[in-house]
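The values are calculated or read from the model by the stated rules, or taken from the named source; none is laboratory data. The structure presented is a predicted model; accordingly, all values stated were derived computationally and were not measured. Note that each Cβ is placed from the backbone with ideal geometry, even for glycine, and that neighbours are counted across all protein chains shown.
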Amino acid sequence: MKKKIIIPVLILILAAILVFIFLLKKPSPSRLRAGQDYNVILVTIDTLRADRVGCYGYTPDVTPAIDRWAAEGVRFEECISQTPLTLPSHTTIMTGTLPIYHGVRDNGGFVVPDKLETLAESYKSAGFKTAAFVSAYVVDSKWGLNQGFDYYFDSFDLGRFEKISLGEVQRRAKDTINEALNWLEKNKDDKFFVWIHLYDPHTPYDPPEPYKSQLADRPYVGEIAYTDSQLARLEDYLQSRGLKDKLFLIVASDHGESLGQHGETTHGFFVYQETLRVPLIFVTPFKQFSGKSYAGVVTLADLMPTVLELSGIKIPAEVQGQSLVRYFGGQKKTDDRLAYAETYYPRFHYGWSELRSLQNNRYKLILAPVPELYDLTNDPREEKNLVYAQKKVYEELTALAQEFEKKAGEKAIQADFSSIDEDTKERLAALGYLGSFVDPAKLKGQKLADPKDKINVFNEISKAREIGLSGNFDEAIAALNKILQEDQTISDGFFALGNVYFKARRFKEAAGAFTQALELKPDDSFAVINVANCYAALGQVEEAEKFILAQVKRGFDDPQFYHVLGSLYALRGNYDKALPYFEECLKKNPNSASAHNALAAIYLNRDDLTRAEKHLEAARALNPTLLNLRYNLAQLREKQNRLEEAMELYQQEIADSPNHFKALFNLARLYRLQHWQEEELETLRRALKAEPSFPLTYFYLARIYLNQGQNLNEAIELVKKGLELKPDKDNLPLGYFLLADLYNRLGDYARSEEYARQGQELLKSR
């Protein structure tokens, strides 16, 4: 009897020992780390589709750096993006949650919820220094991805991008990499988490040389090749500083690019594989995880839990993705995971249906007014719709999709559209941003058009907009009017038409187009702003006021409107009219940093320094990087005779907004007080380049030449140019006195006396 009991026990013990030995041999991150902390660099390459990367099968070899990393690490062959739009996709990457849950469904207007824990916050809590370096305004700190970062390099001066669209406010990879390398050099001895975002493959495709010439027939690929060359620079730096062996490196894309497949030229409109399948590569110093690949479906939502497990950091409870570490050994058998994706772009911008998809390792379902089912194994280009041929598969996936969406959407976070500051909204409107900050809940109801049936219309509108942006206004207007004659229900078609009219300075027609857009989308605050801007451009500020107040009267009472009215009057120096509007904006939105800043500017103008400082400190607490905040703080410090602080604040404002001519001009004045003539001269030249229509810049430049006794004839021409620009009566005499001094230096005493006399008369008449 005892033997009968002992034998099974021994077998169990032996099995346990074998399992233990197996686990010891199986490489795990915790065992491989051996208690050490590894730095992390996450690189996201915007708009990079997987099949344009060498290690994913593309030829010729245009991505040697990425391919080397794939050979050194773990490559996931079928990684699916959860949405083909930059901000929502990066929100998924940074939070490990789906758009259904985190609520960020589009670029602009949506803000990453504070209640979500981001990758940066997880690493910061673990004692890592955190820094981000982004290349496009769509991931600017305004949209909330800066949560948890000690340093966030965005600094996009929208004033430099007046003639292009929101999605094209970007910087080259070289500039972003330079900034990242500078930060790494200063912090290389600390443990860090760094995110580098590169935007070059996004439209417009305009690679620098030699890639422009080498790949002239494939400019998109040229952009990819250029981006890869900058990643090689990053790799060289990491190698040279001995950081590569102490690092987890992740390379991913947020979404792909259609390049004409399925009729779509770019991305965001459809959810086919060309915009959803993206590269995902993890590189570790551990040889056990080198040269591996996994063929099963994974998602970008898996990135966060994977890198956190690698680092031994607790994964937040709300994360919906799964760690992929279990596949790092090169597992051959693929799990049957489900990958969800969506785009609400057609709905938000055109009033057509959204699209959602669910796929496994073989089949893909697209939920649309006319649903689609594809066998990806046999039909990777998604050309043959199998909804009717494979009815059972369609029904099963549809049921799974319903269950998946229900579960993923439990306790979903509602988007907070009020958190976008008023200044940002006004600048987005000026950029011609298409789309309003619409709550998705308001979009439920009637049956909507299938985007598949509207792709030609979408392409025509996009083409017309591009024509308009290039400056060919008449052609763009004709094209848009033709489209809208055939379908007068496209709100953003009228919005695009209004933008083109506005850029063509046909403000009356622009107001009409924006009004039609508003009739189709009555809660579009951008349309209201732009109608008001049209009236203001016509010199009809009172009409702008009347129009906005009419919107308030009909029940559309947005704090933004009071900020617009305040700005319209403040820009014209009517501070008495502006003040109550800014106060009303602040009353309705106490968290408006822009309203606080605007009120501070008015009180500065009135020399009420106590109230000005109060509002500036409130604005700084709410949004320390707000445009013009540091400029106003600098003015305050000037008035308080704290000149060193003022200079530093002007310099900070200029660093973020290099074309801020008022900050440049005021900084030059302070340099003059310090007798720093060279700095004054350089800064005034920058101010003149930034704003050639400001008369005082010409006067101050001429005064430097006068003091130097050089370039006197050039100085005279500068003063005369300044006078042509009609300076105000307080500054007008300065021009005449400068001419008097300059002609005196040249020995032309008669002219000198005449200009001095005129200057004296102007002084008396002030």
Among residues of the range 169-202, those that are touching an Asp or Glu at 6+ places or on another chain (Cβ under 8 Å) and surrounded by fewer than 20 Cβ atoms within 10 Å (Cβ to Cβ), counted
2
So for the range 333-352 (the condition being without any contact (Cβ under 8 Å) to a residue 12 or more places away in the chain, more than 23 Å from residue 449 (Cα to Cα) and over 34 Å from the mean Cα position of the chain (by Cα)), does at least one residue qualify?
yes
For the range 715-759, what are the residues that are in a helix (DSSP H, G or I), exposed (fewer than 15 other Cβ atoms within 10 Å of the Cβ) and under 42 Å from the mean Cα position of the chain (by Cα)?
724
Evaluate the following for residue 560: is it buried (at least 23 other Cβ atoms within 10 Å of the Cβ), touching a residue at least 12 places away in the same chain (Cβ under 8 Å) and assigned to a helix (DSSP H, G or I)?
yes
Can you report the number of residues in the range 627-671 which are modelled with pLDDT of 95 or more, touching an Asp or Glu at 6+ places or on another chain (Cβ under 6 Å), of a type in the set (Phe, Trp, Tyr) and under 21 Å from residue 722 (Cβ atoms)?
1
Test for residue 254: is it more than 30 Å from residue 353 (Cβ to Cβ) and among the acidic types (Asp, Glu):
no
Every residue from the range 164-216 that is basic (Lys, Arg) and modelled with pLDDT under 95
171, 172
Considering only the range 328-388, give the strands (runs of 3 or more DSSP E) lying wholly within it that have at least 1 residues that are closer than 30 Å to residue 527 by Cα and among the polar types (S, T, N, Q).
339-343
Residue among 413, 477, 455 that alone is more than 19 Å from residue 345 (Cβ to Cβ), at pLDDT 90 or above, in a helix (DSSP H, G or I) and not aromatic (Phe, Trp, Tyr):
477
Odd one out for residue 674 among (1) closer than 30 Å to residue 630 by Cα; (2) modelled with pLDDT under 95; (3) out of contact with any Asp or Glu (no Cβ under 9 Å at 6 or more places or on another chain)
(3)
Kindly provide the set of residues from the range 563-580 that are assigned to a helix (DSSP H, G or I) and within 29 Å of the chain's Cα centre (by Cα), ordered by number.
563, 564, 565, 566, 567, 568, 570
Return only the number of the condition from (1) surrounded by fewer than 15 Cβ atoms within 10 Å (Cβ to Cβ); (2) modelled with pLDDT of 95 or more that residue 401 does not satisfy.
(1)
Got a sec? Which of 227, 203 is assigned to a loop (DSSP other than H, G, I, E, B) and over 25 Å from residue 127 (Cα atoms)?
203
Say we look at the range 66-118 and pick out the residues that are in contact with a Pro (Cβ under 7 Å, 6 or more places away or on another chain) and among the hydroxyl-bearing types (Ser, Thr, Tyr); which of these is surrounded by the most Cβ atoms within 10 Å (Cβ to Cβ)?
83
Confirm whether residue 497 is under 25 Å from the mean Cα position of the chain (by Cα), assigned to a helix (DSSP H, G or I) and among the aliphatic types (A, V, I, L, M).
yes
Only one of (1) in contact with a strand residue (DSSP E or B) (Cβ under 8 Å, 6 or more places away or on another chain); (2) without any contact (Cβ under 8 Å) to a residue 60 or more places away in the chain; (3) under 24 Å from residue 32 (Cα atoms) does not apply to residue 190, and that is (2)
Restricting attention to the range 230-263, which residues are closer than 17 Å to residue 46 by Cβ and not hydrophobic (A, V, I, L, M, F, W, C)?
230, 253, 254, 255, 256, 257, 258
Do we find a residue being farther than 24 Å from residue 212 by Cα, surrounded by fewer than 18 Cβ atoms within 10 Å (Cβ to Cβ) and touching a Phe, Trp or Tyr at 6+ places or on another chain (Cβ under 9 Å) anywhere in the range 317-329?
yes
